[in-house]
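What follows is a short report on a single structure.
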């Protein structure tokens, strides 16, 4: 994480008051936020799903990479300081190091979800309801999207 913050030095640093919404689920900001200092909370459909204070953590990456609306709301728990990238698309196209970092981050998350699903499947013991839930969660993890970014066919 320290390497990520070092690579952003000289970038736009912004400070946000406690309780400030950085990203609102469903909005399109085109921004990436890299935490420098403080605690940030993440909400999905108004349910708090995560909290972190780890310097270098990035927010807005899924929307940036997929070219979609933000999938969660991100708020500061206290006064927070961030590197803010205003044009995430251009930034990622011109920064192979950062693109690689985000790919690695997302791959680790996917691997973690896959491991969790394997463990849940082992423990489901033929529970029909759990098997249905697991199947619903596994399907999108391994599906290939029909269309890529910008509506272009992914297989062309």
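Values quoted throughout were computed directly from the atomic coordinates according to the rules given, and no laboratory measurement underlies them. Note that the coordinates shown come from a computational prediction; the quantities given were computed from them, not determined experimentally. Positions of Cβ are backbone-derived with ideal geometry, glycine not excepted, and every protein chain shown enters the neighbour counts.
Assorted remarks:
- Calculated FRET value between residue 93 and residue 134, using beta carbons and R₀ = 41 Å, to 0.05: 0.65
- Gyration tensor verdict on segment 74-115 (Cα atoms; rounded if a/c is under 1.5, prolate if a/b is larger than b/c, oblate otherwise): oblate
- When you count the other C-beta atoms within 10 angstrom of each residue and take the mean per peptide, 68-74, 9-15 line up highest first as 68-74, 9-15.
- The slack in the chain from residue 51 to residue 20, taken as 0.36 nm per residue of separation less the alpha-carbon distance, amounts to 9.7 nm.
- Ellipticity at 222 nm from helices only: DSSP H runs of n ≥ 4 in the chain, each -39500 (n - 2.57), divided by the residue count, give -13000 deg cm²/dmol.
- Simple label model, 7 Å out from Cα along Cβ direction - residue 6 to residue 127, nm: 4.6 nm
- Within the listed set 45, 125, 27, the Gaussian network model of the chain (springs between alpha-carbon atoms below 10 Å) gives the highest mean-square fluctuation for 125.
- Label-point separation in nm, residue 41 to residue 118, each point 7 Å along Cα→Cβ: 3.5 nm
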